[in-house]
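Engineer: Below you will find the structure I want to go over with you.
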Amino acid sequence: MTTLYGIPNCDTVKKARAYLAAQNIAYVFHDFKKQGVPETLMDIALAQIDWEKLLNRKGTTWRKLDAAVQAMVVDAPSAKALMMREPSIIKRPVIQWTETRVSVGFTPAEWA
């Protein structure tokens, strides 16, 4: 079963959910804020996706972080630790298509 990870009020997540529904693709929604970030998901995602793509440095969560905390994010392990603590800093949506295949972001052309 496909799992869409994100935050329900995120516009990109809303678009992704609408797309999946329109394509009749069954999925489960996992709310990062309410259900947390599964460590296994982060491990699978970071094995496939560059940590700098998975970490959203353009959002308000990143901008609100102390400069010293931002400076500590220098590699995949430090990025993972921050993303586990601050789920809003993860680029959304994260889609787990299969047990081992994950993508990040919503691009309808790539999803087709």
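No lab work stands behind these numbers, since they all come straight from the coordinates. Not measured: the values here are computed from a predicted model. For neighbour counting, all protein chains shown are included, and Cβ atoms are generated from backbone atoms with ideal geometry for every residue, glycine included.
Engineer: With the requirement that a residue be assigned to a loop (DSSP other than H, G, I, E, B) and of a type in the set (V, I, T), what does the stretch 68-92 give you?
Structural biologist: Restricting attention to the stretch 68-92, the residues satisfying the condition of being assigned to a loop (DSSP other than H, G, I, E, B) are 72-75, 86, 91-92.
Correct list: V73, V74.
Engineer: How many residues does the stretch 1-59 contain that are out of contact with any Lys or Arg (no Cβ under 7 Å at 6 or more places or on another chain), of a type in the set (V, I, T), surrounded by 12 or more Cβ atoms within 10 Å (Cβ to Cβ) and within 28 Å of M72 (Cβ to Cβ)?
Structural biologist: Final tally of qualifying residues: 3.
Engineer: Restricting attention to the stretch 60-104, which residues are charged (D, E, K, R), crowded, with 18+ Cβ neighbours inside 10 Å and closer than 23 Å to Y27 by Cβ?
Structural biologist: Hits for the stretch 60-104 are K91, R92.
Engineer: Are there any pairs with C-beta distances below 6 angstrom linking a residue in the stretch 5-22 that is on the phi < 0 side of the Ramachandran plot and touching a residue at least 12 places away in the same chain (Cβ under 8 Å) to a residue that is of a type in the set (K, R) and assigned to a helix (DSSP H, G or I), with the two at least 6 apart or on different chains, and if so which?
Structural biologist: The qualifying pairs are I7/K33.
Engineer: Moving on to the next point. Output the qualifying pairs, or none if there are none: Cβ atoms under 9 angstrom, residues six or more apart or on different chains, first residue in the stretch 78-94 and within 11 Å of W51 (Cα to Cα), second residue in a helix (DSSP H, G or I) and of a type in the set (K, R).
Structural biologist: Close Cβ pairs satisfying both conditions: K91/K53.
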